[in-house]
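Input: a single structure, listed below in C-alpha cells.
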Amino acid sequence: MRNELDFAPLYRSSVGFDRVFNLLNNAQRLQAIDAWPPYDIVKTGEDDYRIQMAVAGFAEGDLDITQERNVLLVKGQKPADGKDGEYLHRGIAGRAFERRFELADHVRVENASLRHGILSIALKREVPEAMKPRKIVIGDGSFQQAPLQIESERQVA
C-alpha cells in the first residue's frame, strides 16, 4: 500500500518552493524502483559530500558520469562480448544501470574515481559570495546607501 502526500496546502502559503515539492513528489514515485547498484551518500565536511557506488565488474570505460544543472546521472554499460565462456552460475551482476541523483543548488562534482569496484564521486557545495549572509549597517536616516559587508569578511577584520 502506497500513501501519497498532498502538498496543495503548502502551495497556498509558500512562494518559490515549487522545485522542493517536485523533488518530494519524485522521491515518492521512485521509492519502489530498482535499487541496483547499491550506493552510499556520505557527508565528509560542512560543504563536502561523497557518493560511493558498488560497481563490481565495471571498468572506467564502462561508466559515464554527467552533471546537468541539478541532476547527476551515473550510467553503466558493459560491452557485449561472448569471449568469457559459458557461465554455469552468474552471481556478479553486469547489467546496465542508470542512477539519478538530485543535487541542491550550487553543488558541483569535484572528481570521480574507481577503485576496488567502488565508484567514488566527490561533491562540493559552493555558495556564491552574493548569497552568503551579510551585515546591514543601520544609517542615520539620510537614505544614503549603507555599506554592505559580507559576514565572512567581518569575521576576518
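Quick rundown of the values:
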| read-out | value |
| --- | --- |
| Distance (nanometres) between label positions extended 7 Å along Cα→Cβ at His116 and Tyr87 | 2.5 nm |
| Amide H contacts under 5 Å for Leu123, placed H, 5+ residues apart | Tyr49, Arg50, Ile51, Glu110 |
| Whether region 58-140 is rounded, prolate or oblate, judged on the alpha carbon gyration tensor where a/c under 1.5 counts as rounded | prolate |
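Every number here is computed from the coordinates shown, using simple stated rules; none is lab data. All figures in this text were calculated on a predicted structure; none of them were measured in a lab. Cβ coordinates were reconstructed from backbone atoms using ideal geometry, including for glycine residues, and neighbour counts include every protein chain displayed.
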